[in-house]
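Below is one structure, written out as structure tokens, with a few remarks after it.
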Amino acid sequence: MFCQSVARVPLFSLSRMNLSRFTRPALVALPGLLLGAHALAGPPAPPVGRSSPKLYEEFCSACHGLRMEGGKGPNLVDSTWKHGSDEASILRVILEGVPGTEMPGFAAALTPAEGRGLIAYMREMVTRSKDPALSKTAELPSGRQKSEAHSYRFETIAEGFDVPWSFVFLPDGRILVTERPGRLRVIEADGKLHPDPIAGLPFVVPHDEGGLMSMALDPDYAENGWIYLSFSDPGEEPYIDTTTAMTKIIRGRLREHAFVDQETIFGIPREYYQKGFVGYGCRLLFDGDYLFFTVGDRWLPHDAQDLTKPNGKVHRIFRDGSIPPDNPFAQQAGACGSIWSYGNRNPQGLALDPRTRALWETEHGARGGDELNLIRPGLNYGWPLVTHGINYDGTPISEHTELPGLESPVRHWTPSIAVSPISFYVGDRFPRWKNNLFLGSLAQQKFIRFEIDENNRISHEEELFKGLGRVREIKTGPEGLLYLSLENVGSPGRLVRLVPDEE
């Protein structure tokens with residue numbers, strides 16, 4: 001696999017390679033065949049177990065009912081766990097049984113990973129029973145809404161979007177919004193949505209999770225006009241029938257309602273694109289001269305452990321795509337020099353703490369195991385060697401939820417809530433929310449507030465609302481209000497903001 005960007009730090013000779021198809025970008029890593037980088041690849045895939053639904057049917061349903069409604073054994077749907085509700089307690093009951101009761105231990109029949117898979121499956125069923133899948137997004141509530149720290153109300157800025165994945169505020173009062181099918185829309189300064197998308201955008205793969213995704217303005221946008229976009233780039237022609245794709249980042253400028261002066265900032269040669277249309281990552285975040293971005297594992301789990309490949313990583317580059325020489329693997333032969341952290345399954349959110357400049361990240365687990373991580377340079381966040389999730393077919397992914405040398409999440413969710421964007425609130429209109437971390441989710445449409453202490457620990461958590469749309473982006477507006485883009489189920493998406501409404 002190649003890892004390609006606009007590099008200014010050459011790591012090897014390209015004299016024997018035909019690079020005629022590439023213009024501006026330079027290569028920053030070669031496959032193991034050329035540089036012996038095979039030594040950097042991850043270990044063999046961990047063993048997997050049997051399907052959790054089948055294990056439940058075989059070992060549990062006779063006592064607890066096919067739908068966990070109870071029978072000879074207690075009802076499991078009511079979440080009343082008599083011997084402890086945390087994972088360790090439930091796993092102990094499953095493997096060791098409960099002396100003096102009719103609950104036997106299954107240590108001889110189940111591995112610990114299969115036991116954790118059963119726990120994830122049961123919790124998933126409990127969640128579904130109490131909160132059936134949302135088939136239609138609720139209308140925004142009117143009037144005052146109360147949180148623990150502030151009262152607020154909703155205001156709709158614009159609506160009619162097809163999956164509004166990201167947005168940015170321009171200095172002239174306009175707002176740009178990306179729509180996942182591949183359109184860049186403009187909300188004019190008067191609040192009206194321009195009827196025509198921006199012309200000249202590249203073709204994207206609008207399948208499954210693919211499309212036009214994150215957007216960021218250059219920190220010096222007022223002087224240079226650069227706008228950065230991430231998207232799923234098609235790997236074959238004709239594009240409409242493409243079977244491969246990969247994450248790509250470009251930048252360009254707006255001129256006469258067109259996206260011009262386009263340059264590739266990150267990409268890999270198309271012959272190394274992967275099949276399938278999921279796991280792109282694609283979040284963008286600036287920190288001064290540095291651009292952080294994410295690439296998902298593209299459903300090739302062990303690529304997340306392979307330093308020769310960009311998949312399953314958080315990356316850091318300069319604004320022009322070149323590699324900072326102090327990146328943790330920039331001087332390591334064969335490694336992608338842009339890698340900042342690895343072992344990240346499908347990173348969907350990035351945020352910098354304004355007080356400490358600590359980098360936070362959210363990533364999708366598989367079936368369970370969504371994560372909120374504190375990202376530090378060069379560290380391994382474990383996927384797929386450790387996880388709290390299971391495979392989508394119900395089988396275990398790994399025997400381990402933690403291992404020495406691998407970073408554990410600050411917070412994880414099973415069942416998955418499909419964590420997506422995160423953002424620290426930096427305005428003054430909600431003073432008691434100042435520097436709080438806000439998180440949105442897709443599947444459960446949650447909007448959660450975290451208070452983070454000086455040791456980068458969660459000191460408090462509050463769910464503000466749920467069921468108002470799949471939260472795609474969160475940002476503090478120029479006037480200090482909190483903005484969200486919501487993908488609505490069964491109706492067009494919208495951009496909304498939270499406005500103080502104190503008593």
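Could you list all residues from region 138-150 that are surrounded by 14 or more Cβ atoms within 10 Å (Cβ to Cβ) and either farther than 18 Å from Leu442 by Cα or among the hydroxyl-bearing types (Ser, Thr, Tyr) (or both)? Working first, answer last.
Within region 138-150, the first condition is being surrounded by 14 or more Cβ atoms within 10 Å (Cβ to Cβ), and the residues that meet it are 138, 140, 145, 147, 149-150.
Once the filter is applied, which keeps residues that are surrounded by 14 or more Cβ atoms within 10 Å (Cβ to Cβ) and either farther than 18 Å from Leu442 by Cα or among the hydroxyl-bearing types (Ser, Thr, Tyr) (or both), region 138-150 yields Gln145, Ser147, Ala149, His150.
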| Meets criteria (in contact (Cβ under 8 Å) with a residue 60 or more places away in the chain and either within 30 Å of Thr247 (Cα to Cα) or in contact with a Cys (Cβ under 6 Å, 6 or more places away or on another chain) (or both)) for Ser147 | no
| query | How many of the residues making up region 467-481 are within 13 Å of Ala418 (Cα to Cα) and among the basic types (Lys, Arg)? | reply | 2
| request: Could you give me the residue pairs with C-beta distances under 6 Å whose first residue belongs to region 372-391 and is within 17 Å of Leu403 (Cβ to Cβ), whose second residue is assigned to a loop (DSSP other than H, G, I, E, B) and of a type in the set (Val, Ile, Thr) wherever it lies, and which are 6+ apart or on separate chains? | output: Pro384/Ile397; Val386/Thr401; Thr387/Ile397; His388/Thr401; His388/Thr414
| remark: Reported set for region 417-458 where residues are modelled with pLDDT under 95, closer than 27 Å to Val295 by Cβ and polar (S, T, N, Q) is Gln444, Gln445
| field | Residue pairs meeting the criteria (Cβ under 6 Å; at least 6 apart or on separate chains; first surrounded by fewer than 13 Cβ atoms within 10 Å (Cβ to Cβ), in region 255-276; second part of a strand (DSSP E or B) and among the hydroxyl-bearing types (Ser, Thr, Tyr)) | value | Lys275/Thr244
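Quick test for you: out of Ile422, Ile448, Ile474, pick the one residue that is over 21 Å from Ser142 (Cβ atoms), in a strand (DSSP E or B) and touching a Pro at 6+ places or on another chain (Cβ under 6 Å).
Ile474 is the lone residue from the list that is over 21 Å from Ser142 (Cβ atoms), in a strand (DSSP E or B) and touching a Pro at 6+ places or on another chain (Cβ under 6 Å).
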| said: So His460 ticks every box in (1) touching a residue at least 12 places away in the same chain (Cβ under 8 Å); (2) part of a strand (DSSP E or B) but one. Which box is left unticked? | reply: (1)
| Quick one: would you say Glu124 is surrounded by 16 or more Cβ atoms within 10 Å (Cβ to Cβ) and more than 21 Å from Glu473 (Cβ to Cβ)? | yes
| note | If you go through Thr362, Thr356, the only one that is of a type in the set (S, T, N, Q) and either assigned to a loop (DSSP other than H, G, I, E, B) or farther than 24 Å from Thr395 by Cα (or both) is Thr356
| query | Could you say which residue among Gly369, Gly365 is within 17 Å of Ser341 (Cα to Cα) and within 18 Å of the chain's Cα centre (by Cα)? | reply | Gly365
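Let's see how each residue does on (1) more than 19 Å from Glu148 (Cβ to Cβ); (2) in contact with a strand residue (DSSP E or B) (Cβ under 9 Å, 6 or more places away or on another chain); (3) among the aromatic types (Phe, Trp, Tyr):
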{"residue": "Ser416", "(1), (2), (3)": "yes, yes, no"}
{"residue": "Val426", "(1), (2), (3)": "yes, yes, no"}
{"residue": "Arg432", "(1), (2), (3)": "no, no, no"}
{"residue": "Asn435", "(1), (2), (3)": "no, yes, no"}
{"residue": "Gly440", "(1), (2), (3)": "no, yes, no"}
{"residue": "Ala443", "(1), (2), (3)": "yes, yes, no"}
{"residue": "Ile448", "(1), (2), (3)": "no, yes, no"}
{"residue": "Ile452", "(1), (2), (3)": "no, yes, no"}
| remark: Among (1) surrounded by fewer than 24 Cβ atoms within 10 Å (Cβ to Cβ); (2) part of a strand (DSSP E or B); (3) of a type outside the set (Lys, Arg), Glu371 falls short only on (1)
| Does any residue of region 221-239 turn out to be in a loop (DSSP other than H, G, I, E, B) and more than 28 Å from Lys309 (Cβ to Cβ)? | yes
| task | State which residue is surrounded by the fewest Cβ atoms within 10 Å (Cβ to Cβ) when the search covers only region 152-197 and only residues that are farther than 22 Å from Tyr221 by Cβ and small (Gly, Ala, Ser). | result | Gly160
| task | Being aliphatic (A, V, I, L, M) and under 16 Å from the mean Cα position of the chain (by Cα) is the filter here, so list the residues in region 403-439 that pass it. | result | Val410, Ile417, Ala418, Val419, Ile422, Leu437, Leu439
| query | Given the conditions (1) surrounded by fewer than 22 Cβ atoms within 10 Å (Cβ to Cβ); (2) over 19 Å from the mean Cα position of the chain (by Cα), and given that Leu442 satisfies all but one, which numbered condition is not satisfied? | reply | (2)
| request: Given the conditions (1) loosely packed, with under 14 Cβ neighbours inside 10 Å; (2) basic (Lys, Arg); (3) assigned to a loop (DSSP other than H, G, I, E, B); (4) at pLDDT 85 or above, report the number of the one that Lys54 does not fulfil. | output: (3)
| Residue check for Ala245: out of contact with any Lys or Arg (no Cβ under 8 Å at 6 or more places or on another chain) and either within 19 Å of Trp299 (Cα to Cα) or surrounded by fewer than 18 Cβ atoms within 10 Å (Cβ to Cβ) (or both) | yes
| With region 117-200 as the region, which strands (runs of 3 or more DSSP E) entirely inside it contain at least 2 residues that are touching a Leu at 6+ places or on another chain (Cβ under 7 Å) and small (Gly, Ala, Ser)? | 151-161
| note | Filtering region 73-88 down to residues that are over 18 Å from Arg128 (Cβ atoms), of a type outside the set (Asp, Glu) and surrounded by 13 or more Cβ atoms within 10 Å (Cβ to Cβ) yields Gly73, Pro74
| remark: Looking across region 387-397 at residues that are assigned to a loop (DSSP other than H, G, I, E, B) and crowded, with 24+ Cβ neighbours inside 10 Å, the single one that is farthest from the chain's Cα centre (by Cα) is Ile397
| said: As an exercise: evaluate Pro328 against (1) surrounded by fewer than 24 Cβ atoms within 10 Å (Cβ to Cβ); (2) over 20 Å from Trp413 (Cβ atoms); (3) within 21 Å of the chain's Cα centre (by Cα) and give the number of the one condition it does not meet. | reply: (3)
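The values are calculated or read from the model by the stated rules, or taken from the named source; none is laboratory data. All values reported here derive from a predicted model rather than from experimental measurement. Because the Cβ atoms are built from the backbone with ideal geometry, glycine has one as well, and the counts that use them run over all protein chains shown.
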